[in-house]
Amino acid sequence: METQHPFEMSGLASLPAFDAPEWRVLFEQMEREQADFVKEEVRFRSGNYKWPTDPLHTWSRCWEYPYTYYHLQKWRNHWLGSGLPKVVDLGSGVTYFPFSVARLRCDVSCTDITPVCGTELDAASRFVSCKPGTVNFRLTDGAKLPYGDGEVDAIYCVSVLEHIPSFETTIAEMARVLKPQGLLLLTIDLDLRGDNEIGAERYRALKREVESHFRYVNATQTAHPAALLTSANGPFPVKEPRGISRFYFSAKQLAKAVLNRPTNPLTPFHLCVEGMSLQKP
């Protein structure tokens, strides 16, 4: 029996995905492409924008980037339009990833609320190859996406939507700018502890809003709770303070308790991550 590709699904990320050779192939490709991007950073980083140098090797992005890339590559290989399809990176920041997508023969338009992202991405495009595609930037005000009705062929949004308080507006905007049959790829972090973004109530609201505008390309897959990828496990778990840093953290929380101030848990969050491959009807 043919084994299903670990990314041929919508649903919660699970640890068995990392045992699949398909993940390893994509992840190693991403490592090479991120390394090429980082090698040129001294030429385009302004110092005015804080962003991890190595986002790929984090607990969630090691799954989210390969998941998103897999679906974009599959979609691009079956795309029947002429010219370069317009693909939007919503909440792009400044990373290697839009350049990887552009090399799939896409016109990638990054959008973010931070103007310096545009400055750095424009500078990066002079040193990092995106051919045969293109990478450009459009500033958004966070309410209205800077694209016309039905202008966009595909959108991807990696761990951004759940951090937008008015995500209902953003989802409606994604539906507005996408063409009929356009592709939407979402990955979102889900709070497992109840003291971070995004909790159970807002998650239900997010899912309702997404499903009111889009339909799933892949069936939703469930995972056993013990097999979920979380911020505490996987290839690159979030590390708790150790040694002297753990001592100072604990002392600080004790002082807060004595002063009757809110304390923080040792690990700042406990999250899992979900991917959704969707299409505008």
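Coordinate-derived values only; no laboratory data. The structure displayed is predicted, hence computed values, not measured ones. Note that each Cβ is placed from the backbone with ideal geometry, even for glycine, and that neighbours are counted across all protein chains shown.
Structural remarks
- Within the range 236-256, the presence of at least one residue that is part of a loop (DSSP other than H, G, I, E, B), over 30 Å from SER109 (Cα atoms), touching a residue at least 40 places away in the same chain (Cβ under 8 Å) and out of contact with any Lys or Arg (no Cβ under 7 Å at 6 or more places or on another chain) is confirmed.
- Selection status of ARG43, out of contact with any Gly (no Cβ under 6 Å at 6 or more places or on another chain) and touching a residue at least 60 places away in the same chain (Cβ under 8 Å): yes
- Residues of the range 122-151 that are over 24 Å from GLU162 (Cα atoms) and outside any loop (DSSP other than H, G, I, E, B): ASP122, ALA123, ALA124, THR134, VAL135, ASN136.
- Complete set of residues in the range 1-58 that are over 23 Å from ASN233 (Cβ atoms), exposed (fewer than 15 other Cβ atoms within 10 Å of the Cβ), under 18 Å from the mean Cα position of the chain (by Cα) and not polar (S, T, N, Q): LYS50, TRP51
- For the range 152-174, the set of residues classified as among the aliphatic types (A, V, I, L, M) and either surrounded by 21 or more Cβ atoms within 10 Å (Cβ to Cβ) or part of a loop (DSSP other than H, G, I, E, B) (or both) consists of VAL152, ALA154, ILE155, VAL158, VAL160, LEU161, ILE164, ILE171, MET174, listed by residue number.
- Of all residues in the range 186-196, those satisfying the criterion of being of a type outside the set (Ser, Thr, Tyr) and either in contact with a Leu (Cβ under 9 Å, 6 or more places away or on another chain) or assigned to a strand (DSSP E or B) (or both) are LEU186, ILE188, ASP189, LEU190, ASP191, LEU192, ARG193, ASN196.
- Among (1) under 16 Å from TYR69 (Cα atoms); (2) in contact with a Ser or Thr (Cβ under 9 Å, 6 or more places away or on another chain); (3) in a loop (DSSP other than H, G, I, E, B), the one test that THR95 misses: (2)
- Checking LEU206, LEU183 one by one, the residue that is in a strand (DSSP E or B), of a type in the set (A, V, I, L, M) and more than 13 Å from the chain's Cα centre (by Cα) is LEU183 and no other.
- Residue match in the range 194-208 (condition: among the hydroxyl-bearing types (Ser, Thr, Tyr) and farther than 21 Å from GLN73 by Cβ): yes
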